[in-house]
Amino acid sequence: MHINKTLTAIALAIGSIHSAYAADDLKIGMVLPMSGPFAVLGEHMLNGAELYIKQHGDSVAGRKVVLIVKDDTGFAPEISKRAAQELIVKDKVDILAGFGLTPSAFAVAPLATEAKMPMIVMSAATSSITTKSPYILRTSMTLPQITAPIATWASKNGIKTVYTVVADYGPGHDAEKQFVKTFTEAGGQIVGGVRTPVKNPDFAPFLQKIKDTKPDAVFFFAPAGGELGVAFLKGYKERGLDKAGIKLISTGDLTDEDVLGAMGDPTLGVMTSFHYSEVHDSALNKSYTQAYYKAYPDKRPNFITVAGYDAMHLVYDVLKKTGGDASGDKFIATAKGMKWESPRGPISIDPNTREIVQNIYIRKVEKVDGKLQNVEFDHIADVKDPTK
């Protein structure tokens with residue numbers, strides 16, 4: 001009898017906890033660059049998250065989902081930190097999400113640890129981010145994860161010498177390091193390299209140096225959503241590197257759907273490796289892109305929108321399994337190893353690193369129905385972050 005009373009008390013206690021979860025809104029605090037040169041990243045993450053909510057309902061496990069957005073303006077880690085503090089202390093959010101750029105994620109990681117709060121990175125791609133807190137999960141990618149495949153492809157397709165040009169910040173360093181490692185291990189030679197300022201670089205002297213060096217190809221990386229890729233490609237064409245036989249290879253940031261239109265025909269033939277394309281051939285992606293254009297007629301879906309979309313998928317699936325419990329330890333334990341079908345293809349959360357595992361595709365810019373697109377023609381399945 002005593003045991004039965006005890007079990008009844010425990011059941012009532014658990015029931016009251018679940019009732020408490022059900023009674024409270026699920027608040028997701030989003031730290032996003034909504035102004036400044038990388039505002040498009042924030043817009044895309046928010047669009048993807050909101051589209052998922054629109055498609056799947058604004059409540060999960062009995063809790064109404066509420067997004068609270070704070071603008072961190074981009075490269076301003078102190079603002080990111082202050083925004084996250086306000087979300088935790090003042091707004092009392094359950095989950096932190098967003099983080100367009102690496103400095104933002106680095107600044108907020110200690111706060112997630114202190115608060116024992118899930119922190120979902122939807123964009124920032126420096127490999128080490130997930131090591132900064134046990135409460136961080138990532139639904140975007142890491143730079144080594146998307147860089148190694150293009151280095152492998154180059155080494156197998158007649159490219160023997162490469163000059164590297166990367167933006168001088170965390171992801172750029174990651175991309176450079178991984179490209180050099182993978183390419184040289186395959187027998188290739190790096191004949192030069194430069195790290196350029198993230199803001200307003202003058203590419204002219206770098207491009208002239210590359211032309212004079214005469215490598216088989218130049219490997220380029222800059223963050224998506226800014227003007228760096230547009231400026232680099234313009235200079236690459238104006239200085240005649242393409243006519244000199246110097247191929248341009250990159251991660252998919254360069255030919256992101258958001259800037260393909262602005263870049264125009266000079267992008268035709270550019271080879272990249274990436275984890276998402278608007279024309280990825282799957283029924284789910286076709287449904288997703290149709291829904292995205294219906295919701296945002298003047299915008300193109302891209303890898304950032306999909307990362308925001310998948311972050312919300314992760315949140316919904318975890319809360320369905322926890323009965324609405326979004327507490328840090330429970331959330332992270334439940335998320336580890338989770339698998340689902342994304343518009344980009346099959347993805348999962350690595351239970352050991354909390355990184356996303358995904359297919360990486362080799363693509364070439366072509367015109368599809370008169371529109372510039374990244375057409376996938378090869379892929380490597382289930383790619384993990386090679387640095388971990």
Worksheet entry | Selection from region 232-283 of residues that are within 20 Å of Asn302 (Cα to Cα) and in a strand (DSSP E or B) | Ile249, Ser250, Thr251, Met271, Thr272, Ser273, Phe274
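So is Val121 within 21 Å of Leu228 (Cα to Cα) and either in contact with a strand residue (DSSP E or B) (Cβ under 7 Å, 6 or more places away or on another chain) or crowded, with 24+ Cβ neighbours inside 10 Å (or both) or not? It would help to see each step written out before you state the result.
Working: within 21 Å of Leu228 (Cα to Cα): no; either in contact with a strand residue (DSSP E or B) (Cβ under 7 Å, 6 or more places away or on another chain) or crowded, with 24+ Cβ neighbours inside 10 Å (or both): yes.
Considered against the rule, which asks whether it is within 21 Å of Leu228 (Cα to Cα) and either in contact with a strand residue (DSSP E or B) (Cβ under 7 Å, 6 or more places away or on another chain) or crowded, with 24+ Cβ neighbours inside 10 Å (or both), Val121 comes out as no.
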Fill in: Test result for Ile332, outside the structural domain of Pro223 (by TED's automatic domain parsing), among the β-branched types (Val, Ile, Thr) and over 20 Å from Glu257 (Cβ atoms)
yes
Worksheet item: For region 27-49, which residues satisfy the criterion of being in a strand (DSSP E or B) and either surrounded by fewer than 24 Cβ atoms within 10 Å (Cβ to Cβ) or at pLDDT below 95 (or both)?
Response: Lys27
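Can we say Ile190 is crowded, with 20+ Cβ neighbours inside 10 Å and outside any loop (DSSP other than H, G, I, E, B)? Talk me through it step by step, then tell me what you get.
Working: crowded, with 20+ Cβ neighbours inside 10 Å: no; outside any loop (DSSP other than H, G, I, E, B): yes.
No, not satisfied.
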Worksheet item: Of the residues that sit in region 356-388 and are out of contact with any helix residue (DSSP H, G or I) (no Cβ under 6 Å at 6 or more places or on another chain), within 21 Å of Pro134 (Cβ to Cβ) and modelled with pLDDT of 95 or more, which one is surrounded by the fewest Cβ atoms within 10 Å (Cβ to Cβ)?
Response: Lys384
Worksheet entry | Residue list for region 86-131, restricted to those being more than 26 Å from Asp24 (Cβ to Cβ) and among the hydrophobic types (A, V, I, L, M, F, W, C) | Leu101, Ala105, Phe106, Ala107, Ala124, Ala125, Ile129
Discussion item. Please determine whether any residue of region 318-328 is in contact with a Phe, Trp or Tyr (Cβ under 8 Å, 6 or more places away or on another chain), free of Cβ contacts under 8 Å to residues at least 60 places away in the same chain, farther than 30 Å from Val259 by Cβ and assigned by TED's automatic domain parsing to the domain that holds Arg300.
Written reply: yes
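From the set of residues in region 73-117 that are of a type in the set (Lys, Arg) and in contact (Cβ under 8 Å) with a residue 24 or more places away in the chain, which is surrounded by the fewest Cβ atoms within 10 Å (Cβ to Cβ)? Lay out the reasoning, then the answer.
Within region 73-117, the first condition is being of a type in the set (Lys, Arg), and the residues that meet it are 81-82, 90, 92, 116.
Those still in the list that are in contact (Cβ under 8 Å) with a residue 24 or more places away in the chain too: 81, 92, 116.
Numbers: Lys81: 20, Lys92: 12, Lys116: 14.
Among those residues, the one meeting the criterion is Lys92.
The values are calculated or read from the model by the stated rules, or taken from the named source; none is laboratory data. A quick note: this is a predicted structure, and the numbers were derived from the prediction, not measured. Note that each Cβ is placed from the backbone with ideal geometry, even for glycine, and that neighbours are counted across all protein chains shown.
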